[in-house]
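Some notes on the structure that comes next.
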Number of protein chains: 2
Amino acid sequence: MKFNLYFEYENKTKENEAFFNLLKEFESGKIGYYHLPESSLEFLNKDFSNIDYDEVMVIGIGGSSLGTKAIYEMIKDKNTKPIFFLENPDPIDIKRKLSKIKKPLIFVISKSGKTIETISIFKKVLAHFDLKPNSKNLKVITDKNSPLDKFATSWKLDAFHIPKNVGGRFSVLSAVGIVPLLAAGIYPKNLLLGAKEFRDNFFEKKEWHLCKKAAFYAENYKEYPINVLFAYSTLLNSFKEWYVQLFGESLGKNGKEIMPVGHIGSIDQHSFLQLLMEGMGRKTITFIKVNSFETPLIIPDIKLPYLEATDFVNGASFEELINKECEATKEALLAKEYPIDEITIDDLSLKNIGKLIMYYEMLTSAIGSLLEINTYNQPGVELGKTILRNKF
Amino acid sequence: MKFNLYFEYENKTKENEAFFNLLKEFESGKIGYYHLPESSLEFLNKDFSNIDYDEVMVIGIGGSSLGTKAIYEMIKDKNTKPIFFLENPDPIDIKRKLSKIKKPLIFVISKSGKTIETISIFKKVLAHFDLKPNSKNLKVITDKNSPLDKFATSWKLDAFHIPKNVGGRFSVLSAVGIVPLLAAGIYPKNLLLGAKEFRDNFFEKKEWHLCKKAAFYAENYKEYPINVLFAYSTLLNSFKEWYVQLFGESLGKNGKEIMPVGHIGSIDQHSFLQLLMEGMGRKTITFIKVNSFETPLIIPDIKLPYLEATDFVNGASFEELINKECEATKEALLAKEYPIDEITIDDLSLKNIGKLIMYYEMLTSAIGSLLEINTYNQPGVELGKTILRNKF
C-alpha cells in the first residue's frame, strides 16, 4: 500500500503534534478502536455451523452497518452467503428485502441498544419470521448492559459486545463487523492483522504521511473545507459511504468542518469532474486506486467499423483502463493546483482493507485532535431525536 | 407534489429573469430537453415482444445510465425484467454482472458514440455473448450519424436517436431512458406526461417557487456554494446520483459553482447531520419526502422487555416514522437558519417522477442562466480525456 502526497507542506510542530496526540490516545487506552485488532481476535473462533441459515441479515444503521457493508462489497464472492442490510425505515426497501430472505441468521446491531430505526425494523422482522426467545437464528451486537443487551439476556439470545470506548463509526473492527462477516463465511483474521500492521507501523513513525496530511488539512480547513474522495472501483461504493460518515460525524463540530464527499471513478468523472476543473476549487482531493483486480480482464482486440477511434485501448486490461483514467484525472486536477493525495492498494485483500480502515480512522483522529474538537462525540444529532419523539 | 420554501427571499427582477430565460430557451427550440415529453412519444409503441430475452443490459456511463437507473430503482416491481447497468470499467464489477446475465437484450448507449468506457465494455460483452451483425438482441442509442450510429447501420442493428440539442445529463426522457425502461416492461407514458405537466404549469407561472429558488441560489452562490439533497427513501439512491451529475456538470464553471451533495434519510442522519448541525454552515438544504409508499407497513405493536423506550412508535407505519424523521431533521436544521426547501411527493408514480425530473432540469437551467454560465457544455472534462489517450 502506497501513500503519495502531491502537495508541498511542512510544519514539523503540527506533524509531531498529530503523532503524539494519537500516541497518547493509543497508550492511555481511553479511545478503544486502536485496540480492536487484539480485542476482536476472541470472535474469530465463533462457529455458526450448528445453525441452519441461508442468508445473513444485519439490522443496523450508520456505524452499525456501513463498515460491514463496505467490507462485504469488496470481498464477497460466490462462496459468500448473502448479507442483507436492513438499515432504513423505508417501507418498500424493507418489503423488497424481506421478500428475498427465507432462512436468515439475524444480527440486531445498535451500540446504544435503543436506536429507534433499528428496533422498529427488528420488531417487523420479529413478527415476519415469528421469532421466539432462545432462537439460535437471532443474535444481538451492542454495548454491555444496554437495553438491547438486557433484552437479549431476558430472551436467552447470544449477545456480542462492543467495547464502551469504541464509538459507532469507529466500530467496524469490533464485533459489529467481525461477527456478521464470519457468519457470511468471510474469515476476517487478516482484516485485523492488516489494521494492526498499519497501526504499529504508524507508531514506529513509518507512516509519517498521515501526520503531514492531517496537519495540512487541519491548518487549512478554512481554505479547503471539503475533501473529495475519488475511489476507482465500483467495489468501493459502500466504503466511500463509510468514509463520509467517519469524516462527517467526527470532523463537523464547533463551527469547524472538513466536509467529506465520496465519488466513484471512472463513473463520476462523467458527473463531478467538470465542477472540480472549473468551479471554485477550495477542496482537497484523495484518489484511491486498486492495482490489481483478481485475474485481469482484457478488452478484446476487436475492430468495429466506424469505432476505430476507440481501438487505442484494445488488448489492454480493464485494470489498465480504469487506473489510467485515475492517473489522467489526477494529472488534470494537479494542473489546477489542488492539494491531492493518492492511496494505491495492491489488491482488495482483507489485509489491505484492514490497513485502509485503520488508516482512515487514525487520519480522522489526527485531524480532529489538531482541530481541537472532540472527534468522538456527536452532540448535534440529539436535537432531531428530541423533536422526533415529540411528534408521536 | 408540493414545493415549500422555508426561507425569505424576494427579488422580482431576478425571478422574472429566471422565468424569461427559460421561456426563451423553450420557445427558441435550441435547448432540446424541454420538448422531450412530445418528441419521445414516438418510442412508446416500440415492441420488443418478438425478441427472446430475460434481462435488459444497459452499457452506458454518466448521462447514459444514471437517469434510467434512478427511474428503474423507484419503479421496479416483481413484474419488471431486471436491468443490469454496465457503467464502469471495473473488471470485477463487469465479471460479477456478466456472470448473472444469461439472455440479455443489450442497449449500447453513448451520445457522442465514442465514449471510451462504454465502447470498451461493449467489446467485452460482444465477445462474451458472441454477438453478430443483425442481432435482434443488440440495439444502440446515440446521436444520429455518430460513430456508434454508423456502426449500427453497418451491422444492421436498430438504432434509437437522441436529439442533437439534448445534452447527455438532460437526456433521461429521450430514447436513453424511455427505450430501456420499455424493454424492462415499464410503460413510461406517464413519465412523459408528468414532465409535460410540470413544464406547462411552469410556463403558466404556476410553479413560481422554482424562479425564487433559482434566483436565491444564483444570487448567493458565494455564501451558499453547496446544496445538500436529503432524500427520505432508499429508492431515491440513484436519483440523488442523477441530481449530482445534473448540478455538478452544469453548474461548476467559470470559477462559479453550486456543489451538489446527495444523502439518503434517515440513514445519513446517522452520518452527515452532525456536520450540518455544528459545522461551518454555508449550504442550502433540500428535503425530498414521499408521502405514501404503496400499502402502509406497520411497526408491530410488540413490547419487548427493556426496550420500552422504543415503544412510542408502535402501531405507527414506517411511512410515518421515516417522514417524521424528515420533519424532525428539517426542524432541527431550520433552527440553525439554513435556507431550506422541501419537495413532497404523494407517491413514487411515473407521473410524479416525470414531474420531479423536469423540475430539477428546469431548476438547473434557471440557476445556470442567472449565473451567466453555459449550463449545457462541459469543457472541463476534455483535458483528462486527452491525457488518457496519451497514456496508451
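What residues have an amide H closer than 5 Å to that of B:Asp143, excluding those fewer than 5 places away on the same chain, when H is modeled at 1.01 Å from N in the peptide plane?
Those lying under 5 Å, H to H, from B:Asp143 are B:Gly113, B:Ile162.
Where does each of A:53-60, B:43-50, A:35-42 land if you order them by average Cβ count within 10 Å, highest first?
In descending order of packing, they fall as A:53-60, A:35-42, B:43-50.
At 7 angstrom along the Cα-to-beta-carbon line, where would the label on B:Lys102 sit relative to the other copies? Give the distances in nm, shortest first.
Computed spacing set for this position: 1.6 nm.
Would you compute, from DSSP H runs of 4+ residues alone, the mean residue ellipticity of chain B at 222 nm, taking -39500 (n - 2.57) per run and dividing by the full residue count, rounded to the nearest 500?
After summing the helix terms and dividing by the residues of chain B, the value is -13000 deg cm²/dmol.
Select the chain A residue whose beta carbon lies nearest to the rotation axis carrying chain A onto chain B, and write the distance in whole Å.
Nearest-to-axis residue on chain A, with distance in whole Å, is A:Val261, 3.
Give the whole-number value, in cubic angstrom per residue, of the convex hull volume spanned by the C-alpha atoms of region B:31-187.
Expressed per residue, the convex hull around the Cα atoms of region B:31-187 is 104 Å³.
Could you state the orientation-averaged shadow area of the convex hull built on the Cα atoms of the protein assembly as shown, in nm² to one decimal?
30.3 nm²
Quick one: Karplus J couplings for region A:97-111, per residue in order, coefficients 6.51, -1.76, 1.60, θ = phi - 60°, nearest Hz, x for Gly and Pro?
Karplus values, whole Hz, x for Gly and Pro: 6, 4, 5, 9, 9, 10, 9, x, 9, 9, 10, 9, 10, 7, 4.
Calculate, axis by axis, the spread of Cα positions in region B:119-202 along the three principal axes, and write the results as whole Å, longest axis first.
48, 28, 20
Which residues of region B:81-102 bury at least 10 Å² of accessible area once all protein chains are present, versus their chain alone (1.4 Å probe)?
B:Glu87, B:Asn88, B:Pro89, B:Asp90, B:Pro91, B:Ile92, B:Asp93, B:Ile94, B:Lys95, B:Arg96
Given the options A:Ile186, A:Phe48, A:Ile71, identify the residue whose Cα lies farthest towards the positive end of the charge dipole of region A:31-187 (+1 on Cβ of Lys, Arg; -1 on Cβ of Asp, Glu).
Ranked along the dipole, the leading option is A:Phe48.
Tell me, what ³J(HN,Hα) does each residue in region B:370-379 have, in order and in whole Hz, if you take phi through Karplus 6.51 cos²θ - 1.76 cosθ + 1.60 with θ = phi - 60° and put x for Gly and Pro?
So the Karplus estimates, Gly and Pro as x, are 6, 6, 6, 10, 7, 4, 9, 9, 8, x Hz.
List the distances, in nm to one decimal, from the label point of A:Ser28 to the label points of the same position in every other copy, shortest first, placing each label point 7 Å from Cα along the Cα-to-Cβ direction.
Going from nearest to farthest copy, the values are 6.3 nm.
Between A:Met259 and residues 5 or more places away or on another chain, which pairs have amide H atoms under 5 Å apart, with H built 1.01 Å from N, and which residues are they?
A:Ile226, A:Asn227
In square angstrom and rounded to 100, what buried accessible area do you get between chains B and A, total over both, with the probe at 1.4 Å?
Buried area between the two chains comes out at roughly 10400 Å².
What is the mean number of Cβ atoms from other protein chains located within 10 Å of the Cβ atom of each residue in peptide A:55-62, rounded to a whole number? Could the numbers behind the result be given before it?
Working: counts 0, 0, 0, 0, 0, 1, 6, 7.
Average neighbour count from other chains, rounded to a whole number: 2.
Let's see if you can work this out: charge +1 on each Lys and Arg Cβ, -1 on each Asp and Glu Cβ, no other charges. What is the dipole magnitude of chain B about its Cα centre, in debye to the nearest 20?
Roughly 1900 debye, rounded to the nearest 20.
Please average, across the residues of A:374-387, the number of beta carbons from any other chain that are within 10 Å of each residue's own beta carbon, and give a whole number.
Across A:374-387, the average partner-chain Cβ count within 10 Å equals 5.
Can you work out ³J(HN,Hα) from phi for every residue in region A:251-265, in order, using Karplus 6.51 cos²θ - 1.76 cosθ + 1.60 and θ = phi - 60°, giving whole Hz and x for Gly and Pro?
10, x, 7, 6, x, 10, 6, 10, 7, x, 10, x, 9, 10, x
Using amide H atoms built 1.01 Å from N in the peptide plane, name the residues 5+ places from B:Phe287, or on other chains, whose amide H lies under 5 Å from its own.
Residues meeting the criterion, in which the H sits 1.01 Å from N, are B:Phe230, B:Asp341, B:Glu342, B:Ile343.
Take the eigenvalues of the Cα gyration tensor for chain B, scale each by 5, and report the square roots as semi-axes in whole Å, largest first.
Working through the eigenvalues yields semi-axes of 35, 28, 20 Å.
If you take the Cα Rg of region A:245-372 and divide it by 2.2 N^0.38 Å, with N the number of residues, what do you get?
1.30
Which whole-angstrom value gives the distance between the alpha carbon centres of region B:366-381 and region B:61-127?
Each part's Cα centre sits 28 Å from the other's.
Which distances, shortest first and in nm, link B:Ala309 to the matching position in the other copies, using label points set 7 Å out along Cα to C-beta?
Spelled out, the distances from B:Ala309's label point are 6.2 nm.
Taking each residue of A:122-130 in turn, how many C-beta atoms of other protein chains fall within 10 Å of its C-beta, and what is the average?
Details: counts 6, 12, 6, 1, 3, 5, 1, 0, 0.
Whole-number average of other-chain Cβ neighbours for A:122-130 is 4.
Indicate, rounded to the nearest 5 percent, the antiparallel portion of the DSSP beta bridges found entirely in the protein assembly as shown.
For the protein assembly as shown, the DSSP antiparallel bridge percentage is about 15.
The values are calculated or read from the model by the stated rules, or taken from the named source; none is laboratory data. Because the structure is a prediction, the values reported are computed rather than measured. We place every Cβ from the backbone using ideal geometry, glycine too, and count neighbours over all the protein chains shown. For accessibility, only protein heavy atoms count, side chains too; no ligands or nucleic acids. Shrake-Rupley method; radii C 1.70, N 1.55, O 1.52, S 1.80 Å.
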